[in-house]
Amino acid sequence: MKHKHHIIPRHAGGTDDPSNLVELSIEEHAEAHRVLYEKYDRWQDKLAWRGLSGQIGKEEIISAIYANRKNRLGTKHTGDFRRFGMSHKGKKLTEEHKAKIDPTGRKQPQSQKNKVAAALSKEYIITDPDGNDIRIVNLSEWCRNNDLDQGNMVRVANGKAKQHKGYVVSSVT
């Protein structure tokens, strides 16, 4: 049986690129991780070496992984981890850029909001308590304007309820 071994382990920044992979027997794989552990003193290599060589079982490996994660909680990342999300740290924003950002995040242009609303809007036929049929396009907006609960109206439209406050809804296909 052959294992695929990362020449530079993923936990050390290695990739799944074929040039970084080599096929080894289980014994060779265990030995490769022992050598890496002795050279770089990484706990991941120690676990891989001991697990592949049969010194420890799966439960002990899982326990050690969770224990290590728990020990790292609250610590700051260093090295390569800093590149994620930190590439713009310290850069000054232009006034134009600041104007486009609100306190909760980036503003979506009204034109985009309209496009999304149009794409998500479905056509419905609503029968009011008096038996009159009303053809609408935006159920959410119609419910807001008529003091009705949109969630219950959707349940009626989906056939999960018969009516809501006397209103019956059916989707136009």
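Derivation of every value follows stated rules applied to the coordinates shown; laboratory data play no part. What you see is a predicted model; the values in this text were computed from it and never measured. Quick reminder, even Gly has a Cβ in these numbers, built from the backbone with ideal geometry, and neighbours come from all protein chains shown.
Quick rundown of the values:
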item: About the Cα centre, charge dipole magnitude for the stretch 2-77 (Lys/Arg +1, Asp/Glu -1 at Cβ), debye; result: 460 debye
item: Distance violations [Cα-Cα > 26 Å] among Lys4/Lys39; Lys122/Lys162; Lys4/Lys58; Lys98/Lys122; Lys122/Lys160; result: Lys98/Lys122
item: Unit charges on C-beta of K, R, D, E only; dipole of the stretch 117-171, Debye; result: 260 debye
item: Residue-span extension gain [Asn145 to Asp133] - 0.36 nm each, minus C-alpha spacing; result: 2.6 nm
item: Chain lengthening between Asn20 and Ile7 when straightened (0.36 nm per residue, less Cα-Cα); result: 4.2 nm
